[in-house]
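Here's the structure, in structure tokens; my notes come after.
Quick note: the coordinates plus some simple rules give every number you see, no bench work behind them. Quick caveat, the model's predicted, so the values are computed rather than measured. Cβ: placed from backbone, ideal geometry, glycine included. Neighbour counts: every protein chain shown.
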Amino acid sequence: MGLGTNIYWRLKGHAKSKKLVWNTASLFIIGEKNLKYLRDLETAIVRIAKPKGSDPGLTRLRPPRAQEARLLTSAEESAFQERPTNVPCTSWAYQNAKLGRMFVVNRGHKFGFLRCGCGSSVALKDPVRHKAEIIRDGHKTPYNQLCTLKPANTEDFAHEFRTDVLQIRIDEKIPIPKDVRVEELGTWLDAFSRTISRTISEAIRISAARLLGIDQREISATVRRRP
């Protein structure tokens with residue numbers, strides 16, 4: 001009975017509708033084969049509360065994701081010759097965490113963060129309306145005290161860090177379509193980086209994570225054009 005009551009209140013917390021009707025038979029929707037371990041209980045609760053089905057890890061509220069990390073330091077040209085690849089027209093170079101420097105920017109929900117002098121910051125969902133609401137309603141400091149200041153600065157958060165880096169380089173020039181005019185060349189190259197290059201880098205990142213047997217989020221990938 002105690003477990004059933006606990007499950008009820010947890011179900012009520014997950015469900016969008018606060019008029020959830022408790023049904024003890026609901027637990028059998030999951031099936032005993034899918035509820036082998038205690039850690040599966042939370043997933044079971046979410047699936048009952050949202051019977052149409054969705055992955056709890058994809059639907060729960062998560063903090064704003066940082067933008068793509070950018071490489072600050074490039075390996076020396078000689079490093080690309082030390083360990084030849086077995087893929088034609090490519091070369092690579094490894095930098096350990098002492099040499100590999102990257103830079104990442106977090107813009108929140110694309111509109112930055114409203115930061116106050118007290119240390120509090122909120123990711124803006126709208127650059128005008130949401131900002132006005134925060135200023136009007138007030139906020140609390142990181143120490144849970146009512147702040148008397150008015151936050152005015154909208155900023156992006158940035159962080160420089162050191163990590164192991166593997167640079168993979170395409171050594172052949174990318175052929176440019178003949179119908180691309182000179183004044184459109186920059187736009188075409190930018191589009192190429194956002195599409196083809198991004199697809200290649202993501203394929204390498206996902207394959208590397210699988211090969212190493214680690215979570216995909218443990219590896220990030222970025223793309224840049226050679227000068």
Neighbours of I170 by Cβ distance under 14 Å: Lys/Arg at +1, Asp/Glu at -1, summed charge +4
Loop-resident GluC sites (Glu not before Pro) in the range 143-201 with no more than 15 other Cβ atoms inside 10 Å, DSSP not H/G/I/E/B, are E172
Sparse-neighbourhood loop hits (trypsin sites (Lys or Arg not before Pro), the range 151-221; DSSP loop; Cβ within 10 Å at most 16 others) -> K173, K178, R181
For the range 145-227, the charge dipole (Cβ of Lys, Arg +1; Cβ of Asp, Glu -1; about the Cα centre) points to a positive end, and the Cα of V182, F157, Q216 closest to that extreme belongs to V182
The size of the Cβ-based charge dipole (Lys, Arg +1; Asp, Glu -1) of the range 113-155 about the Cα centre, to the nearest 20 debye, is 40
Calc'd 3J(HN,Hα), the range 181-198, phi into Karplus 6.51 cos²θ - 1.76 cosθ + 1.60 (θ = phi - 60°), Hz, glycine/Pro = x, comes to 6, 4, 6, 9, 4, x, 5, 5, 5, 4, 5, 4, 5, 6, 10, 4, 4, 5
Rounded to whole angstroms and listed largest first, the alpha-carbon spread of the range 173-227 along its three principal axes comes to 45, 17, 14
